[in-house]
Amino acid sequence: MMKISKNLLQIVLVGGILVCFAFSFWTYLRTPKIAFVRSSVIIENYQGMKEAKTTFDQKSKEWTKNIDTLGARYTRLNNYLINNKGSLSKLEIKKLENEISQKASDYKSYTTEIDKIAKDENDKLTQGAFNQINSFIERYSKEHNIDIVIGTTLSGSVLYGADKIDITDKVLEGLNKSYR
Amino acid sequence: MSMFRIYQISVLMAIFCYSCKQNTISSEQDYYKWIGDKSNHLTLSKTIAGVKITVKFLPPEYLAYNELKNRISTKIIRDSLTKVYKRSRTFLVSFSLDDKTNKEAPDIMYRDISSLEDYNQRFEDLTFNIGNYLQLKTANNIYVPVLHTFENTYGITPNRSIYLVFSSNGTSQDDLLLSSKIELVFNDLIFSTGISYFSFDKSEIDNTPHINFWKR
């Protein structure tokens, strides 16, 4: 009788240990794996974002040159009228005033249009780079079985993150490697 | 000559013949399959935010074959036409949606489109303005496409393709044709996938198999 109860106890003990082990393993599998990324570091150092910014800056320079040219034409005509008003006929003055008014209107329309185009293009360029970053993070997370990736922002949505779940450097390295 | 010597020579000849055969393909389907095989590095693709961009390099001999395939032609004509195509670089760029996003907006043309104006702009960009977004870079020069054709499938397929041809256009032809690496750069302001680079090595371009299935 004693022997039977001793064996039963051993079986119950081993069974209990196995159940505990299985439960711990199941809990480990169910616990989401979390990582975070320092978003500002990624945005500042990703090659794609830098190149998008360079492309936009080049276009901005071109637009600024055109705006300066239009502005210079207007200023030149205006100065000519001011300096020569005394020696011009009424008809010539009227003609010049109309031309100056037209130049002013062209300048205003062009700057308004360029403002809209510049904003549009800047948005598209940066959105494209963000899309690349997000797609890469999605691929990286799937490869490394990460369930949630949190991005830190300047407003401090993540107040603290342990180094072991900071994947910023790895993401940045992989991103730049896959860019070109 | 001993039997062993004869055997050695036969084995060497068999190996030689086999390696020669490796560099020719005997049907159009197999050839297209070879070009589309990513391990041959003539077809590259990237998927960004659900949009898949595939760039395929089209070998000059294949382009000549395409032009002559329904006609019987002599070797002189084939070689002459191939030589013409060798003076430029031709690519097929395709846009499609990956499987996950296909259910929401099956046709790439409607992806993120909220008005008729947006659709018209996208159509115009793909048809007329694509040269502003796709360029070819070598170490020393940047090339814009001299020809581009947007293949509008009118909704028959959810994907769209563009043929692009780059030629030397007054700059050094040697640079375009002899550069060890050429990069197709897509500055995507149409589908907002950012700036993507597709790199092709000259060694892989030169390694395309010869066509052995001309109409005779």
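The values are calculated or read from the model by the stated rules, or taken from the named source; none is laboratory data. This is a predicted model, so every value here is computed, not measured. Backbone-built Cβ (ideal geometry, glycine too); neighbour counts: all protein chains shown. Ligands, DNA and RNA are stripped out before the accessible areas are found, and what is left, the full protein with its side chains, is counted by its heavy atoms. Shrake-Rupley method; radii C 1.70, N 1.55, O 1.52, S 1.80 Å.
In the full protein context, the range B:146-216 carries 46 Å² of accessible surface per residue, based on a 1.4 Å probe and ignoring ligands, DNA and RNA. Helix A:47-84 axis versus longest C-alpha principal axis of chain A: approximately 20°, rounded to the nearest ten.
Counting Cβ atoms of other protein chains within 10 Å of each Cβ in A:50-60 and taking the mean gives 1. Largest first and in whole Å, the equivalent-ellipsoid semi-axes of chain A read 74, 14, 11, each the square root of five times a Cα gyration tensor eigenvalue. Solvent-accessible surface, computed for protein heavy atoms with a probe of 1.4 Å, shrinks by 50 Å² or more for the following residues of the range B:179-203 when the other protein chains are added to the isolated chain: B:189, B:192, B:195, B:197. Label-to-label distance, residue B:181 versus residue A:30, with points set 7 angstrom from Cα along the beta-carbon direction: 5.0 nm.
For residue B:202, which aspartates and glutamates qualify as cross-link partners when the Cα separation must be under 16 Å and same-chain residues fewer than eight apart are set aside? Of all the aspartates and glutamates, those that pass the test against residue B:202 - Cα under 16 Å, at least 8 places apart if same chain - are B:61, B:174, B:175, B:183. Put simply, the amide H of residue B:48, placed in the peptide plane, has neighbours under 5 Å in B:53, leaving out anything fewer than 5 places away on its chain.
Less than 12 Å from a label point 7 Å out along the Cα-to-Cβ axis of residue B:214: which backbone N atoms in the range B:57-77 qualify, by residue? Only B:61-62, B:64-66, B:68-69, B:71-77 pass the distance filter. Remark: accessible area buried at the A-B interface is about 1300 Å², both chains counted, probe radius 1.4 Å.
Sparsely packed loop sites in the range B:107-216 (the chymotrypsin sites (Phe, Trp or Tyr not before Pro) outside DSSP H, G, I, E and B with at most 13 other Cβ atoms within 10 Å) comprise B:128, B:154.
The mean number of Cβ atoms from other chains found within 10 Å of a Cβ in peptide A:133-146 is 1, as a whole number.
From the square roots a ≥ b ≥ c of the eigenvalues of the alpha-carbon gyration tensor of chain B, which class results: rounded (a/c under 1.5), prolate (a/b over b/c), or oblate?
prolate
For residue A:158, the residues whose modelled amide H falls within less than 5 Å of its own, excluding neighbours fewer than 5 places apart on the same chain, are A:153. The loop-placed GluC sites (Glu not before Pro) in the range A:83-180, going by DSSP, include none that has at most 11 neighbouring Cβ atoms within 10 Å of its Cβ.
Counting other Cβ atoms within 10 Å of each Cβ, which trypsin sites (Lys or Arg not before Pro) in the range A:15-51 have at most 15 and sit in a DSSP loop? Please list the in-between numbers first.
Details: sites: A:30, A:33, A:38, A:50; in loops: A:33.
Passing sites in the range A:15-51 are A:33.
Rolling a 1.4 Å probe over the heavy atoms of the protein chains gives the range A:1-54 an accessible area of 82 Å² per residue. Quick check on the range B:145-216: take the gyration tensor over C-alpha atoms, sort the square-rooted eigenvalues as a ≥ b ≥ c, and tell me if it's rounded (a/c under 1.5), prolate or oblate. Since a/c reaches 1.5 but b/c is at least a/b, the shape of the range B:145-216 is classed as oblate. Under the rule a/c < 1.5 gives rounded, and otherwise a/b versus b/c splits prolate from oblate, where does the range B:37-139 land using the Cα gyration tensor? It comes out prolate by the Cα gyration axes. Share of carbon and sulfur in the accessible area of the protein assembly as shown stands at 57%, probe radius 1.4 Å.
Each part reduced to its alpha carbon centroid, the range B:105-177 and the range A:93-138 end up 23 Å apart. Couplings for the range A:163-176, taken from phi via the Karplus curve 6.51 cos²θ - 1.76 cosθ + 1.60 with θ = phi - 60°, read 4, 5, 10, 8, 9, 3, 5, 5, 5, 5, 4, x, 4, 5 Hz in order; Gly and Pro are left as x.
In the frame of its principal axes, the protein assembly as shown has Cα extents of 130, 82, 40 Å, reported largest first. Per-residue extension of 0.36 nm, minus the Cα-Cα distance of residue B:40 and residue B:68, leaves a gain of 7.6 nm for this segment.
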